[in-house]
1. Calculate, in nm to one decimal, what Lys34 and Leu9 gain on full extension: separation in residues at 0.36 nm each, minus their alpha carbon distance.
2. Taking the Cα atoms only, what angle lies between the long axis of helix 11-33 and the longest principal axis of the chain, rounded to 10 degrees?
3. Over region 11-93, what relative contact order in percent results from Cα pairs under 8 Å that are six or more residues apart?
4. On a full-extension model of 0.36 nm per residue, what is the gain between Lys48 and Val20, subtracting their alpha-carbon distance, rounded to one decimal in nm?
5. To the nearest 20 Debye, how big is the dipole of region 11-93 about its Cα centre, given +1 on the beta carbon of each Lys and Arg and -1 on that of each Asp and Glu?
6. Whole-Hz Karplus ³J(HN,Hα) for region 55-71, in order, using 6.51 cos²θ - 1.76 cosθ + 1.60 and θ = phi - 60°, x for Gly and Pro?
7. Quick check of the Kirkwood formula: for region 11-93, what is the inverse mean of 1/r over all pairs of different Cα atoms, in Å?
8. Between Arg63 and Trp100, how many nm apart are label points set 7 Å from Cα along the C-beta direction?
Amino acid sequence: MPKKSEAKLPVEQWRARFNVAAAQVQREYCDIFKFWRGCRYKPCRRMKTCRGDPLACLQRGTRNVAYDLLNQAELQVRTATPADLTGPERSARNLSPTSW
């Protein structure tokens, strides 16, 4: 059941919160698959984490990831989702790595 304050979020505010949460989840998927290893962006390789455009990395990298690994990563992200998380943040965390 959504909280009363979140049930009446304006569309722009909901979309902004979703976009922030989606970028965090995309970075999380990039880190799970360790796409930073083959990234052309030096800060990613240096920091050993996604520092560039996570959407581009996911779109480019998930083509080469086995279906079983994609499912395992999705399960890992979903189980790490806090139980009290609601609204746009939960919606972003429920997306699969290939849905973007």
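Here, each number is a calculation from the coordinates, and none is a lab measurement. Since the model is a prediction, treat every value here as computed from it, not as a measurement. Positions of Cβ are backbone-derived with ideal geometry, glycine not excepted, and every protein chain shown enters the neighbour counts.
1. Values: separation 25, 0.36 × 25 = 9.00 nm, distance 3.52 nm.
Full extension from Lys34 to Leu9 adds 5.5 nm.
2. Taking Cα atoms only, the helix is inclined about 30 degrees.
3. Reported as a whole number, the value is 41 percent.
4. 8.0 nm
5. Using only the charged Cβ atoms, the result is roughly 560 debye.
6. Ordered by residue, 3J(HN,Hα) equals 5, 5, 4, 5, 5, 7, x, 5, 5, 9, 9, 5, 4, 5, 5, 4, 5 Hz.
7. Computed over region 11-93, the radius equals 13.5 Å.
8. Distance between label points: 1.7 nm.
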